[in-house]
Amino acid sequence: MTDSASSHDSMGVASAIPAGRVLIFDTTLRDGEQSPGASMTHEDKCEIAALLDEMGVDVIEAGFPIASEGDFEAVKAIAGLVKRASVCGLARASKKDILRAWEALEGARNPRIHTFLSTSPLHMKHKLNLEPEQVLAKIHESVSYARSLCDNVQWSPEDGTRTEREFLAKAVRTALEAGANTINIPDTVGYTIPNESAQIIRQLREDVPEIDEKAIIATHCHNDLGMAVANSLAAVSAGARQIECTINGLGERAGNAALEEAVMALRVRRDVLPYESGVDPVYLARASRMVANATGFPVQYNKAIVGKNAFAHESGIHQDGMLKHAGTYEIMTPETVGVSKTNLVLGKHSGRHALKERLKELGYDLGDNALQDAFVRFKALGDAKREIFDEDLIALVDDAASEVEGGEGRVKLIDLQVESRMGQRAKSRVVLEIDGQRQEAEGEGDGPVDAAYKAVKALVKHQGKLQLFQVTSVTGGTDAQAEVSVRLEEGGYIAASQAADTDTVVAAAKAYVNALNKLFLRRQKTAPESSALAG
Ligand code: KIV
Ligand code: ZN
């Protein structure tokens, strides 16, 4: 399946990476965040970047610094915290964009500027309104400028797969002459198919043979036809050595190639694609949950690698096969990707040490304070629920992480009562502590959650619009915890939060209050004059 890969690896810039290695470039925080409604908070972005770094991602595209002050600050903070990976920022082909990206990135251990310009006839004519010669001049100017600031420069011909091959070669040659050392070929609109994806890379290497000496070839595939990962792997088979991808396949429209799928495909099918990534797959399930929680975008149950059902076997024939030999129906073990198969783990009498060890096995190495907090929650959960499963523990730790500064938000839920009767409007009474003051209110609504939210709104001044309200069950059974995810939008800022409880209405109220705390934290930073909360 591979195509003169070894000759590629033995030459030029590609040889700067170990033979047989494919670089993983994660763009969850840039392209992923461009997914409509998937904005993440500054804190969430930093937490995700730290995990990506820990799991062995090679390049983290942290944002588009000129897009907003928030993006700039996030890229700058990530540049400062990442220890191993290269940190990258996106810039259009203008000096202003590139300089802004550099200002955000310059504190990174290994900064990379990623600049791009459209090269397809459609984009050049209708989007840029430029002639091909003008596009080439702009490529030269922008890449040269980026190189004057930073040694590590990636260039992308936007809509690359719909670019005429001859012009693609010219554009790439220009970027190489100007000093680009990664050339990324984006399938911006998810249009290509695997054969063509490989053919584009193959032809590019033929047309621009110096590319192997001067640069690493990258592939960046969108998923509009559901082939992003397949197209990325096909590009690798033809000589690409960097896959651009996102956790859970997040991204514009139908998303990008999913990191977890690309990493596991490389690992499981080394026999036909003899390359490996530097990502430790045991982090994949955790990274997936972290991104789902930060964005409020749930992972579909049958999503490859990280979906709830990815390792579930329902039919009798499959279950029978699994009992005889796991290899009958599993091509990788769930443990490899950080999914535990142990069912019942702990009960209310389990101690702190058992909790710590179990969490460690699930990928959470908690410090003393976080462990104490988790232990208190665990005991409370043990009172409400007889059996505590791994999923319960994960929800418990993720909730704590989702809270504003370890639960130190300005609003705290103290008590909640609801009265709901079939055919009648529900009533609620909510007690909150707002900036240390106990306050209570009553609410009436179309159901218990609506009534509880009305009471909270009566006490807390905000214009936040509820963009998402979603309930899922953490485990099976009628005593299962409900996990509620909410997304609130106020003045263009989005706060996502989730909370779990055996009482669905309590989980909903906790998630709401937590999202409000995130909005207030933001308001305090950006408009302190409007930070009064009482309604
Ligand atoms: O899809 C795309 O073309 C991009 C570029 C900015 C690389 O995301
Ligand atoms: Zn993209």
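The values are calculated or read from the model by the stated rules, or taken from the named source; none is laboratory data. No experiment lies behind these values; they were computed from the predicted model shown. All Cβ positions, even for glycine, are placed from backbone atoms using ideal geometry, and neighbour counts span all protein chains on display. Note: areas computed on protein heavy atoms with side chains; ligands, DNA, RNA excluded. Shrake-Rupley method; radii C 1.70, N 1.55, O 1.52, S 1.80 Å.
Computed values, structure above
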item: Cβ-derived FRET efficiency at R0 35 Å, S473 paired with A527, nearest 0.05; result: 0.35
item: Pair L466, K308: separation of 7 Å Cα→Cβ label points (nm); result: 2.0 nm
item: L23 long-range amide H proximity, modeled H, under 5 Å; result: Q242, I243
item: Over 25 Å between alpha carbons, listed pairs K412/K461; K412/K457; K379/K465; K76/K465; K45/K214; result: K379/K465; K76/K465; K45/K214
item: Rounded to the nearest 10 Å², the accessible area of H353 at probe 1.4 Å; result: 130 Å²
item: On Cα atoms only, tilt of 259-268 relative to the major axis of the chain in degrees; result: 70 degrees
item: The chain: angle of helix 228-237 to the longest principal axis, Cα-based, in degrees nearest 10; result: 40 degrees
item: Radius 10 Å from Cβ of T27, net charge of other residues (Lys, Arg +1; Asp, Glu -1); result: -4
item: Protein accessible area in the stretch 316-403, 1.4 Å probe - carbon and sulfur %; result: 55 percent
item: Size of charge dipole - the chain - debye, nearest 20, with Cβ of Lys, Arg +1 and Asp, Glu -1, no other charges; result: 540 debye
item: Efficiency of FRET from Cβ geometry, H126 and A370, R₀ 60 Å, rounded to 0.05; result: 0.70
item: Cα shape, the stretch 279-358, gyration tensor, a/c 1.5 rule; result: oblate
item: Cα shape, the stretch 5-295, gyration tensor, a/c 1.5 rule; result: rounded
item: Cleavage-rule hits, trypsin sites (Lys or Arg not before Pro), the stretch 24-118, DSSP coil, Cβ neighbours within 10 Å at most 12; result: K83, R109
item: Label-point separation, E103 to E433 (7 Å along Cα→Cβ), nm; result: 4.2 nm
item: Which of H123, H318 is most accessible, then next, and so on - probe 1.4 Å; result: H318, H123
item: Placed amide H near G63: partners under 5 Å, 5+ positions off or other chain; result: L90
item: Neighbour net charge for G476 - beta-carbon separation under 14 angstrom, K R +1, D E -1; result: -4
item: Solvent-accessible surface (1.4 angstrom probe) belonging to F116, in square angstrom, nearest 10; result: 40 Å²
item: Built amide H within the under 5 Å cut-off of F116, gap 5+; result: A91, A93, S156
item: Solvent-accessible surface ranking, highest first, for Y329, Y191 at 1.4 angstrom; result: Y191, Y329
item: Within the chain, helix-based [θ] at 222 nm, where runs of 4 or more DSSP H residues each add -39,500 (n - 2.57), nearest 500; result: -12000 deg cm²/dmol
item: Rounded to whole Hz, the Karplus (6.51, -1.76, 1.60) HN-Hα couplings of the stretch 33-42, x for glycine and proline; result: 6, 6, 5, x, x, 9, 5, 10, 6, 4
item: By accessible area with a 1.4 Å probe, ligands and nucleic acids excluded, highest first: order of E69, E442, E357; result: E442, E69, E357
item: Hz values of 3J(HN,Hα) by residue in the stretch 274-283 - Karplus curve (6.51, -1.76, 1.60), Gly and Pro given as x; result: x, 9, 10, 9, x, 7, 7, x, 5, 8
item: Acute angle (nearest 10 degrees) that the helix 284-295 long axis makes with the longest principal axis of the chain, alpha-carbon atoms; result: 70 degrees
item: Theoretical gain in end-to-end length, E444 to K379 [0.36 nm per residue, Cα-Cα removed]; result: 20.2 nm
item: Net charge contributed by nearby residues that have their C-beta within less than 10 Å of C150 (K/R +1, D/E -1); result: 0
item: Accessible area of R270 in the full protein assembly, 1.4 Å probe (Å², nearest 10); result: 110 Å²
item: Dipole of the chain, positive end: most advanced residue of A91, L149, V376 [Cβ charges, Cα centre]; result: V376
item: Cβ-Cβ FRET estimate between R270 and H353, R0 fixed at 41 Å, reported to 0.05; result: 0.60
item: Rounded percent of accessible protein surface that carbon and sulfur make up, the stretch 5-295, 1.4 Å probe; result: 50 percent
